[in-house]
Amino acid sequence: AGDQSKSAKGRRRGPAQPPTAAPALAWSLDDTYTPMEDYERSIQDMVRQLRNSSEPSDTKCQVNLQLWRSNQRSLSPWAYSINHDATRIPADIPEARCLCTGCINPFTMQEDRTMASIPIYSRLPVRRLLCQGPGKVGRKPSGRKKCHKKYQTVMETIAVGCTCIF
């Protein structure tokens, strides 16, 4: 038993070995996604939660300190609505809508219109369907665009929350 403790102590004093890496393929190849697919999937999850929510749609300018969601605890509260565009992937994106014109005064918990609630915008990557018009020269345009299923990644500005300004 004494020899084992000496050899164990010797191992602790020796040079540190680099930690061994976990196996690279700890999941099946079917479970791998690109960052864009992960992003689109997270947006779809949030849209699904909004659609399946049993809570009434918020329209009042009030703070609810009992809720864990930051959009309802903010001094500039907001609600989410679904921004739908069939020519975009993802077609549905949650978008913030400010519930107050002013801001909630933290001392009175009432709306104070000497301040203003404004949306906070972020640019999000989306894939947009590109349509090409009639390509034949000399033909009268039919008024209809021909759409080929070709998407291009573009940045779109979406309201993601609200904040209070003076």
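Every read-out reported here was derived from the displayed coordinates using simple, explicitly stated rules and does not represent laboratory data. All figures in this text were calculated on a predicted structure; none of them were measured in a lab.
On full extension of the chain, what length is gained from Gln62 through Ile82, given 0.36 nm per residue of separation minus the C-alpha to C-alpha distance? Show your work: numbers first, answer last.
Numbers: separation 20, 0.36 × 20 = 7.20 nm, distance 2.12 nm.
Contour length minus Cα-Cα distance gives 5.1 nm.
Pull up all non-local amide H partners of Tyr121: gap of 5 or more, or a different chain, and H-to-H distance under 5 Å with H placed in the peptide plane.
Result for Tyr121 returns Val160.
State the Cα centre-to-centre distance between segment 150-166 and segment 92-107 in whole Å.
15 Å
Which far-off residues, 5 or more places away or on another chain, put their amide H under 5 Å from the one on Gly102, with H placed in the peptide plane?
For Gly102, the qualifying residues are Ser117.
Can you give me the Rg/Rh ratio for segment 36-118, using Cα atoms for both radii and the Kirkwood formula for Rh? Could you put the intermediate results ahead of the total?
Details: Rg = 14.9 Å, Rh = 14.1 Å.
That ratio is 1.06, to two decimals.
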